[in-house]
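Nothing in this text is a laboratory measurement; each read-out follows from the coordinates by a stated rule. Just so it is clear, the model here is predicted, and its values are computed rather than measured. Please note: Cβ atoms are built from the backbone with ideal geometry, for glycine as well, and neighbour counts cover all protein chains shown.
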Amino acid sequence: MSLFARAKPATSKIRELAGLSVATRLDANPQVRRAQIDTAQFYYCPDFLDAARCEDLVTMIDANRRPSTLLADRPEANFRTSDSCDMDRWSPLVRPTDESIAALLGLDASHGETMQGQRYAPGQQFRAHHDYFHVGEKYWADVAKQGGQRTWTAMVYLNDVEEGGATWFPQAGIKVSPKRGLLLAWNNMNPDGSPNDKTLHEGMPVVAGVKYIVTKWFREGSWMQ
């Protein structure tokens, strides 16, 4: 084997069990539907949030938004052009949603990062990326101390969008248009706990209207220090 061949990503029993336990829980939930694909564990939960809750979160995002940032050693210009809002998990407007996402997946709430709201105006986007962390990047030493690798992602659309703004997983063959209250959940790992490169996804540019979402990422260990 060439010395320059790419090493196989490390497997993990902890991440393997997280994938199995969440999938078992979601498969048993009649309100949740699993995508019929072999490349990733991917789920839909329509009407996860009601209209009033969505409107409250949209108001919070508008009041506290800032330009989105990118965790990367070599960030590219115009890669992520949305606005973001870090949501206080203990706020009475945030806590019910934050904790209900953890409960739906059956994951320890302490493993969840701060829920983030995002706003996409016309033309704004988040180009193709993975949610899991790349071990070879300089940031890995820090995130490894803060709960380690990301396992599951949950995303909730807070409004319908007039045109554009779909979430596209090109390698998995999934494209989801924004629909108010719809929750998407996917495992960023393979069944053996190694990073699943088929979870590559992008927030496609909004053409007309404004797109609002909240995203919740979970770690393999406790994120709350």
Note to self: Checking the a/c ratio against 1.5 first, then a/b against b/c, what shape does the Cα gyration tensor give for region 111-150?
What the structure shows: oblate
Next item on the list: Starting from the Cα-Cα distance between residue 197 and residue 168, subtract it from 0.36 nm times their residue separation and give me the gain in nm to one decimal.
Entry: 9.0 nm
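Work out, step by step, the length gained on full extension between residue 138 and residue 13: first 0.36 nm times the residue separation, then minus their alpha carbon distance; give nm to one decimal.
Result for the pair: 42.6 nm of gain on full extension.
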Margin query: Could you identify which residue out of 140, 90, 152 has the top mean-square fluctuation in a GNM of the chain using Cα springs shorter than 10 Å?
Written below: 90
Check: Between 96, 30, 122, which gets the highest mean-square fluctuation from a Gaussian network model of the chain, Cα cutoff 10 Å?
Finding: 30
Next item on the list: Compare 187, 64, 196 in a GNM of the chain, Cα atoms joined below 10 Å, and give the one with the largest fluctuation.
Entry: 64
Notebook entry, point to check: What is the spin-label model distance, in nm, from residue 86 to residue 127 if the labels are put 7 Å beyond Cα along the C-beta direction?
Noted result: 2.6
Item checked: Gyration tensor (alpha-carbon) shape descriptor, the chain, a/c threshold 1.5 -> rounded
Notebook entry, point to check: With each run of n ≥ 4 DSSP H residues scored as -39500 (n - 2.57), what mean residue ellipticity at 222 nm is computed for the chain after dividing by its residue count and rounding to the nearest 500 deg cm²/dmol?
Noted result: -6000 deg cm²/dmol
Item checked: Label-to-label distance, nm, for residues given as residue 179 and residue 28 (7 Å Cα→Cβ offset) -> 2.6
Notebook entry, point to check: Based on the Cβ-Cβ distance from residue 145 to residue 21, what FRET efficiency comes out when R0 is 30 Å, to the nearest 0.05?
Noted result: 0.80
Notebook entry, point to check: When the dipole is taken about the Cα centre of the chain, and only Lys, Arg (+1) and Asp, Glu (-1) are charged at their Cβ, what size is it in debye, to the nearest 20?
Noted result: 420
Item checked: Pairs of lysine residues in the chain - Cα separation under 29 Å, sequence separation of 8 or more or cross-chain -> 21
Next item on the list: Take every Cα pair under 8 Å in region 158-225 that's 6+ residues apart, average their separations, divide by the length, and report that relative contact order as a whole percent.
Entry: 45
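Might you report the magnitude of the Cβ-based charge dipole of region 129-225 about its Cα centre, with Lys and Arg at +1 and Asp and Glu at -1, to the nearest 20 debye?
Charge dipole of region 129-225: 200 debye, to the nearest 20.
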Check: Mean separation of Cα pairs under 8 Å and 6+ residues apart, divided by the residue count of the chain: what relative contact order is that in percent?
Finding: 30
